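The values are calculated or read from the model by the stated rules, or taken from the named source; none is laboratory data. Here the structure is a predicted model, which is why all the values come from computation and not from measurement. Using ideal geometry, Cβ is built from the backbone for each residue, glycine included, and neighbour counts are taken over all protein chains shown. Accessible surface areas use protein heavy atoms only, side chains included; no ligands, DNA or RNA. Shrake-Rupley method; radii C 1.70, N 1.55, O 1.52, S 1.80 Å.
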Amino acid sequence: MRLDLEGFDYSVLNALTSQVDDLERLRIAVANRRRLLVKPRGEADEDGVSRGLGLAEDDKLVVAPVTAVLEGVTELEARAVKAVEKYMRLSPWRAWLDSPQSKGVGAKQLARLLGATGDPYWNGLHDRPRRVSELWAYCGYAVRDGRAPARRKGEKSNWSDDARKRAWLIAGSCVKSGGHYREIYDATKARYADAVHEGECVRCGPAKKPAQPGSPISAGHRHPRGLRAISKEL
């Protein structure tokens, strides 16, 4: 793996961001467990199933130990995030993160994306510079037969789900923050304002009835196209 700056390695970044991922998942799991412990019995969740055990918030036998674990995991996660952000200060992305161009993109978000992609400029498999089209394909943003790739039952995807998710989350953050990437989002949505479907579209049709060719692309479909445009620009 190529080094971009002395002391910075994308493999190390991957290890640090993976640690954040692990602790985040654990924190969410413990928080959900605690929530069910204190949720009133008979109160249904969104799926209509009642799972609450109705224990008191100040219960010392069961709730208190789970709360202590949650607090401990939350603190560990925060320390892991700080380690990632500190390591990113050694990266070639430091100046960009400090610039107005990066509005909406945090150091932790970018680190998690780069941890998933590795060096975006270098194809480690073939030991040569990486083409933009290769990076897009690795992140699941290639276009085949006029369509973005999608998971199909029985087929193995050839892109990184983690990289795709991280780019998508950053795009959503950029839309909320405004700036350069928000302009790309707005321009993309405007470009498709009067567009129609070239083929059947499950996204725009009602359940089990995809929108037909020639029908207008819905506002709900233009939104992900805008996010996709941001992701590819990133």
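Here are some notes:
- Checking each residue of region 64-78 against the condition of being surrounded by fewer than 19 Cβ atoms within 10 Å (Cβ to Cβ) and touching a residue at least 60 places away in the same chain (Cβ under 8 Å) gives no match.
- Residues within region 91-133 that are of a type in the set (Lys, Arg), open to solvent by less than 60 Å² (accessible area, probe 1.4 Å) and touching a strand residue (DSSP E or B) at 6+ places or on another chain (Cβ under 8 Å), tallied: 1
- Only listed residue being at pLDDT 80 or above and open to solvent by 30 Å² or more (accessible area, probe 1.4 Å), chosen from ARG164, ARG152: ARG164
- Check on LYS60, open to solvent by 70 Å² or more (accessible area, probe 1.4 Å) and in a helix (DSSP H, G or I): no
- Index of the failed condition, TYR185 passing every other in (1) of a type in the set (Phe, Trp, Tyr); (2) assigned to a loop (DSSP other than H, G, I, E, B); (3) at pLDDT 90 or above: (2)
- Selection from region 37-57 of residues that are surrounded by 16 or more Cβ atoms within 10 Å (Cβ to Cβ) and of a type outside the set (Gly, Ala, Ser): LEU37, VAL38, LYS39, LEU55
- Only listed residue being modelled with pLDDT of 85 or more, of a type in the set (Ser, Thr, Tyr), more than 26 Å from GLN19 (Cα to Cα) and in a helix (DSSP H, G or I), chosen from SER133, SER173, SER231: SER133
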